Amino acid sequence: MPDDLAVGDHEDAVTSASVLARLLDQLRPAQTQVITLVKMQGYSIAEASRETGQSPSAVKMNIHRGLARLTALVEKSHDLD
């Protein structure tokens, strides 16, 4: 293998993942779990319901409330900058 093999810079991806993890840590565990399953891993509401034991309506409610909380946290962090 050549010594000058091009490797992409992953700094932005690592930073984004770190920031996202810190934000998700500020949510209730049930919210983090369903947001991760549905929004990040592509599960359906029904699949997330089966996986977590939450009812489909609880999954939807936890996603809605969790995303609202994430929005508030991001807006608050921008106000501090």
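Figures for the structure shown
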{"read-out": "Criterion: assigned to a helix (DSSP H, G or I), at pLDDT below 95 and surrounded by 10 or more Cβ atoms within 10 Å (Cβ to Cβ) - qualifying residue of Thr15, Thr32", "value": "Thr15"}
{"read-out": "Complete set of residues in the range 13-28 that are in contact with a Gly (Cβ under 7 Å, 6 or more places away or on another chain) and polar (S, T, N, Q)", "value": "none"}
{"read-out": "Number of the condition not met by Ala6 [criteria: (1) exposed (fewer than 11 other Cβ atoms within 10 Å of the Cβ); (2) modelled with pLDDT of 95 or more]", "value": "(2)"}
{"read-out": "Residue that is part of a helix (DSSP H, G or I) and touching a residue at least 40 places away in the same chain (Cβ under 8 Å), where the choices are Leu67, Leu73, Leu37, Leu27", "value": "Leu73"}
{"read-out": "Matching residues, the range 36-81, being of a type in the set (Gly, Ala, Ser), within 19 Å of Ala17 (Cβ to Cβ) and either at pLDDT 95 or above or surrounded by 15 or more Cβ atoms within 10 Å (Cβ to Cβ) (or both)", "value": "Gly42, Gly66"}
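The values are calculated or read from the model by the stated rules, or taken from the named source; none is laboratory data. These numbers come from a predicted model, not from an experiment. Counting neighbours? That spans all protein chains shown, and the Cβs are built from the backbone with ideal geometry, glycine included.
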